[in-house]
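The structure appears below as structure tokens.
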Amino acid sequence: MKIKIYLEETFTTTLTREEVIIDTNDYPELEGMDEDQISNYIDENIWDMNPTEDGIYSSLGEECSDQSPVDEDISNEETTFYVEEHS
């Protein structure tokens, strides 16, 4: 009997990019918020917030996404083999 063997690899990649520093005074929507509230607001609205670099990026999310990687981690690696009869 001839069989086919398939290999499937699964893993999680986490990529951390250089930071973008903002001045909360430039973002009136953040006024009066504490650090946790600001973090939640940015998580939900980063693609609608103004970038720090006017004319270069369309949003703060795009600006953050364009920064250079500073750290990469690969975890949860798993290898699975599948066998199937070959006709």
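Taking region 20-48 only, how many residues are within 14 Å of GLU63 (Cβ to Cβ), of a type in the set (A, V, I, L, M) and not in a helix (DSSP H, G or I)?
Count: 3.
Has region 3-22 got at least one residue that is within 30 Å of PHE81 (Cβ to Cβ), under 22 Å from the mean Cα position of the chain (by Cα) and aromatic (Phe, Trp, Tyr)?
Yes; the residues of region 3-22 include at least one that is within 30 Å of PHE81 (Cβ to Cβ), under 22 Å from the mean Cα position of the chain (by Cα) and aromatic (Phe, Trp, Tyr).
Using beta carbons and a limit of 6 Å, which pairs, at least six apart or on different chains, have the first residue in region 57-69 and on the phi < 0 side of the Ramachandran plot and in the same structural domain as TYR27 (by TED's automatic domain parsing) and the second one assigned to a helix (DSSP H, G or I) and surrounded by 14 or more Cβ atoms within 10 Å (Cβ to Cβ)?
So the pair list comes out as TYR57/GLU63; LEU60/ILE46; GLY61/ILE46.
So, in region 25-38, how many residues would count as being surrounded by 11 or more Cβ atoms within 10 Å (Cβ to Cβ) and of a type outside the set (Phe, Trp, Tyr)?
5
Can you pull out every residue in region 59-87 that is within 14 Å of the chain's Cα centre (by Cα) and acidic (Asp, Glu)?
Within region 59-87, GLU62, GLU63, ASP66, ASP71, GLU72, ASP73 meet the criteria.
Is there a residue in region 33-52 that is touching a strand residue (DSSP E or B) at 6+ places or on another chain (Cβ under 6 Å) and on the phi < 0 side of the Ramachandran plot?
So far as region 33-52 goes, no, none of its residues is touching a strand residue (DSSP E or B) at 6+ places or on another chain (Cβ under 6 Å) and on the phi < 0 side of the Ramachandran plot.
Output the number of residues of region 1-19 satisfying the condition of being surrounded by 10 or more Cβ atoms within 10 Å (Cβ to Cβ) and part of a loop (DSSP other than H, G, I, E, B).
1
Can you tell me which of VAL70, VAL83 is surrounded by 10 or more Cβ atoms within 10 Å (Cβ to Cβ), in contact with a strand residue (DSSP E or B) (Cβ under 6 Å, 6 or more places away or on another chain) and either hydroxyl-bearing (Ser, Thr, Tyr) or assigned to a strand (DSSP E or B) (or both)?
Residue meeting the stated conditions: VAL70.
The values are calculated or read from the model by the stated rules, or taken from the named source; none is laboratory data. Since this is a predicted model, take the numbers as computed values, not measurements. Positions of Cβ are generated from backbone atoms using ideal geometry, with glycine treated the same way; all protein chains shown enter the neighbour counts.
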